[in-house]
Each structure stands twice: as C-alpha cells, then as structure tokens.
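> Attaching a single structure in structure tokens format; questions to follow.
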Amino acid sequence: MNQIKRAIAILVSCLLVVTVLSGCHKTIPYDSAPDSAYQYVVDEENDTVAITSFSGSYSKSNIPEMLKGKEVTSISSGAFKNCTQLDTVNLPKSIKTIAANAFEGCTNIENLSLPYGIETIENGAFSGCTALKTVTFPGTIKRIGDKAFYGCAALENIAFPSNSVDIGADAFSNTAWIQSQGDEYLVVCNTLIRYSGSEKEIEIPEGVEIVSTAFAGRTDITSVLIPKSAKTITRNAFQGCTGITAIEIGSKVESIGDFAFTGCSSLVSVTVPDSVKSLGTYAFSNCTALERIILGKGIKNVPAYAFQACTSLKEVSIPKDATIAENAFEGSSYQPS
C-alpha cells in the first residue's frame, strides 16, 4: 500500500512540474530573436553598425541597440524582406535610417512605433506589410521615401508629427488611410502629397512647404501657381504634365528636384527665382515647347541634362558666375558659348 501511495505522490509531483513549466512557456518570450540572429556590418569610420539580414524562425525581433559594443544606427536594404513569421518588431532609439525595402513583405507585422531619433525611411521600406494597422512617426523624421508603405492595405491609423517631412511618391498609396482622406489637396506634415480635384488652373494653398508628386502625370492641368510658403519642389513633382503652359514658382523655393518638370511639353516660359539654390538633373528635360528660361542669381550650377531636348529654346538667361555642365543642354536648340 505504501508503495502505491508513493507512486501516486511522485505522479502528482510530476504533473505539477509540467503545469508550472507550461505556464512559463506562455509568459517567457522564448520566440524573441537572440543577437546571433542578426547579421551586420561595422562602419569603422563612424564606429556604428548596420543590420544587414535576419535569420531564424523567430516571431519577435527586439533589434539590439548595441552589437559588439557599437551602436546600431541603420537597417540595411532588404534586411528583413519577406520575413513573414515576424509579428512584432521593436526598434532601438539608436536607429537613424531604415533603408529601401528593409521590411518589405513582412505580412504579419500589425503595429509599428518608430523610435524618437529616426530620420529617414527609404523607398519601399515597409511596402506590402499587409497586416500593418498602425504607424506612429516621431518628430525627428525628415524623409519618408517613395512607396515606403505602399500596399499596406490594413493601415488605417497614422500618427504624424507637426514638423515638415519630405514624403515621396505613393508613400501611402493603396492603404486604408489614404482611401479615407477626402481633402482635395491632401497636405501631410506641410507636404502636398495628393491632388484629387478637377481644376485645370491650380493654385496650391499657402502653408504648403514641400510640393511632392501630387500632380505627376496629370495631363489635364494647364497652369500652376506655387505659393510663397513653398521651399521645395521634389523629384518628379510635375513630370509628364503635358498640358501645363505656364508655371509661377514661389519666391521662397530653394530646391527644384531631379525630373521635376520633365516632359512638360507645352510649357513655354519659366522664371526660376533668386531663392532657388539647387536645380536637379533633368529638371526641365524634354520641355519641347520651352522658348524662354530665366535662372535666378541663386543658381551656381546648371547640372547635367537640366534642359536636355528643349528643342524650342530661344532666350536663356544664366547667372554669369554659374557653372554649366557640358551636357546641360544636350539636344537642345540653345548651346551655351
């Protein structure tokens, strides 16, 4: 009888141990990736680390702030691409840059809180994260790249900072959030990112500081007035707007990006104000009706292909101290002496 009692006691004790261990299994995040799951490169010059890839079947990633005694400041291109098992990613406050396509196709991540200190999210960084519902941007963010959150179909809640942010083309296209926005001029962080109206003569509202690709490819627009508040006309901003015949650039614009007016084949005349200090490559290329261009005193460099294939140019005014790239007017009717 004593032997039977002893056997029962041992059996009960084993069951208790199993129960306790099962409870630990539920509370200990054993599925969180260890440091060894991260491959990385060291930037010896800046004494920092970039995460280059991620291995293992872990569902949770607490990206370390330090590796080998060096600060982790960036996530490299494609580092977590198609890691479909991930449902949670925690980024350290040391992160400054998330490179192109870094988390593309991570279809199980639902929430994303970006750390204070992050400055740049590059093209396609979170594209195709179809389960992502919420994103919070800190006040340190400066640039959200082209298609950064493209195709994040479930994304409906976005907390933006109050500061100006350069937002690229289609950064939030095909998301629940952008589909819910009814404003004709959609302005986010002082950046005009979408125009959904039908007016042909456009007067961009005062307060807009960055004119992004809201009008690219709109062949129905005939004229554009850029406000005095604007400081930047981004890459591709008016590319392919073949109906524009006149454009007035605000007196505080400082930068005109690459390809900004490429293919505006009806544009006849343009004056770049003295405030503009930077003119992008191909900025007015293939503006085949362009007859007159006046560049303001702020232009010190006319870059490559800026006026490529402008076959109707008759009058060109360039500051005397400006440097002109050899191929700035390639294929154009005007050639600098």
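> Taking a temperature of 10 °C and a viscosity of 1.306 mPa s, what whole-number D in µm²/s does Stokes-Einstein yield for the stretch 28-84 with Rh from Kirkwood over alpha carbon pairs?
Diffusion coefficient, whole number: 134 µm²/s.
> While we're on this one: Across every pair of different alpha-carbon atoms, what Kirkwood hydrodynamic radius in Å does the stretch 30-180 reach?
Roughly 15.2 Å, rounded to one decimal.
> Please report, in whole Å³, the volume per residue of the convex hull around the C-alpha atoms of the stretch 119-198.
About 76 Å³ per residue, rounded to a whole number.
> To make sure I understand, if each residue's beta carbon is the centre and we count other beta carbons within 10 Å, what order do K142, K320 fall in, fewest to most?
Ordered from fewest to most neighbouring Cβ atoms within 10 Å, K142, K320 come out as K320, K142.
> Then there is this: Relative to a virtual label point 7 Å from the Cα of S333 in the Cα→beta-carbon direction, which members of the stretch 277-321 show backbone nitrogen distances below 11 Å?
The answer is 288-292, 310-315.
> Using 0.36 nm per residue, how much length does the chain from R143 to K252 gain when fully extended, once their Cα-Cα distance is taken away?
Gain in length upon complete extension: 37.2 nm.
> What ratio of Cα Rg to 2.2 N^0.38 Å holds for the stretch 158-238?
1.03
> Out of all Cα-Cα pairs in the stretch 185-337, roughly what percent, to the nearest whole number, are more than 19 Å apart?
For the stretch 185-337, the fraction of Cα-Cα distances above 19 Å is 47 percent.
> Run the quick spin-label model on E203 and N163: label points 7 Å from Cα toward the beta carbon, then report their separation in nm to one decimal.
3.3 nm
> Mind giving me the nanometre distance, one decimal, between the label points for D43 and K60, set 7 Å out from Cα along Cα→Cβ?
Each label point is offset 7 Å from its Cα along the Cβ direction, giving 3.0 nm.
> Would you mind giving the three semi-axes, in whole Å and largest first, of the ellipsoid equivalent to the chain according to its Cα gyration tensor?
The equivalent ellipsoid of the chain has semi-axes of 54, 22, 15 Å.
> Here's a follow-up. If N is the number of residues in the stretch 139-274, what value comes out of its Cα radius of gyration divided by 2.2 N^0.38 Å?
1.02
> If r is the Cβ-Cβ distance from A154 to S32 and R0 is 25 Å, what FRET efficiency results, to the nearest 0.05?
Efficiency, from the Cβ-Cβ distance: 0.55.
A short reminder: the numbers here are calculations on the coordinates, not readings from a lab. This structure is a prediction, so every number in the text was calculated from the model and none was measured. Neighbour counts run over all protein chains shown; Cβ positions are idealised from the backbone, glycine included.
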